[in-house]
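Visitor: Pasting a structure here, questions to come.
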Amino acid sequence: MTSSSMATASPNGVHPTAEPERAAGTAGPEPILQLSDLRAGYGAIEVLHGIDLMVPAGGIFAVLGPNGAGKSTLLKVLAGLHPVSGGTIVMAGREVNRARPDDLARSGLCLIPEGRGVFANLTVEENLRLITHLGARPAEIEERTYARFPQLAVRRKQVAGTMSGGEQQMLALARSVATDPGLLLIDELSMGLAPRIVEMLYELVAEIARTGVTVIAVEQFARTILGIASSAVVITTGRVVLAGLPDEVESKLSGLYLGNVAD
């Protein structure tokens, strides 16, 4: 799956227009994502040691933690790019432990990986046209993209690799949104960027979330992401050590790992 490989969701997918299944005996819908005793690792080394999480549909779910906590591994597992060694992943009411990355993409999941999630040797326009295999016309994709990201319209003929880091991340966001996602996973959007640019990018992420997309964001700028998040979790050494509302998490963050929240 490419950095923003995605398709219109199936009825059983994670697109916001899909009706998730309801659990027996409950009044409301299932959360968009539920992890139970999730385990994963590399060879004999276990990195995720029994993660239990429930992510409500809609809003921004912040994932914080120190270097080596397992945050990026968690996103890779959710996107189907790394195998599960134990536990269960339930998305929109169905187990997806062994789902292929392309099937998850078709059902409404999109990943923006750590680093620049664009094709550096292609122009902005060409990066956007790669999404047309999902069925939308190039003109339609460009119209939607440039309306939301007018700065990219100015750069449409520019090779992506020659743009600033902030503009490349903006293009990665634009490619993901153009595919009409239901669940958007973002890994370290801020990497290598100035705080001012990071704030601008997360304003765009907040706008995306307001359209009904559920965003799960791994981020090192804790205060920036907590300022727009609806809920948050802290992971250290592959385990959840804190979960709750952003204010609650921020008040206890420094006591957990001395302000180092990079992965």
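Visitor: Identify, from the list Ala139, Ala153, Ala147, Ala174, the residue that is out of contact with any strand residue (DSSP E or B) (no Cβ under 8 Å at 6 or more places or on another chain) and in contact (Cβ under 8 Å) with a residue 24 or more places away in the chain.
Guide: Exactly one residue qualifies, and that residue is Ala174.
Visitor: Also, I was wondering about something else. Is there any pair with a first residue in the range 186-203 that is on the phi < 0 side of the Ramachandran plot and a second that is modelled with pLDDT under 90 and basic (Lys, Arg) whose Cβ atoms are under 9 Å apart and which are 6 or more apart or on different chains, and what are they?
Guide: Listed by first residue and then by second, the contacts come to Met191/Arg116.
Visitor: Say whether the condition of being under 18 Å from the mean Cα position of the chain (by Cα) and hydroxyl-bearing (Ser, Thr, Tyr) is met by at least one residue in the range 129-152.
Guide: no
Visitor: Polar (S, T, N, Q) and part of a strand (DSSP E or B): which single residue out of Thr88, Thr73 fits that description?
Guide: Every option except Thr88 fails the conditions.
Visitor: Return a yes/no flag: does the range 107-121 have any residue that is in contact with a Leu (Cβ under 7 Å, 6 or more places away or on another chain), in contact (Cβ under 8 Å) with a residue 12 or more places away in the chain, of a type in the set (Val, Ile, Thr) and over 20 Å from Asp180 (Cα atoms).
Guide: Looking for residues that are in contact with a Leu (Cβ under 7 Å, 6 or more places away or on another chain), in contact (Cβ under 8 Å) with a residue 12 or more places away in the chain, of a type in the set (Val, Ile, Thr) and over 20 Å from Asp180 (Cα atoms), one finds none in the range 107-121, hence no.
Visitor: Any idea which residue in the range 205-231 is farthest from the chain's Cα centre (by Cα), counting only those that are surrounded by fewer than 17 Cβ atoms within 10 Å (Cβ to Cβ) and of a type outside the set (Gly, Ala, Ser)?
Guide: Arg223
The values are calculated or read from the model by the stated rules, or taken from the named source; none is laboratory data. Since the model is a prediction, treat every value here as computed from it, not as a measurement. We place every Cβ from the backbone using ideal geometry, glycine too, and count neighbours over all the protein chains shown.
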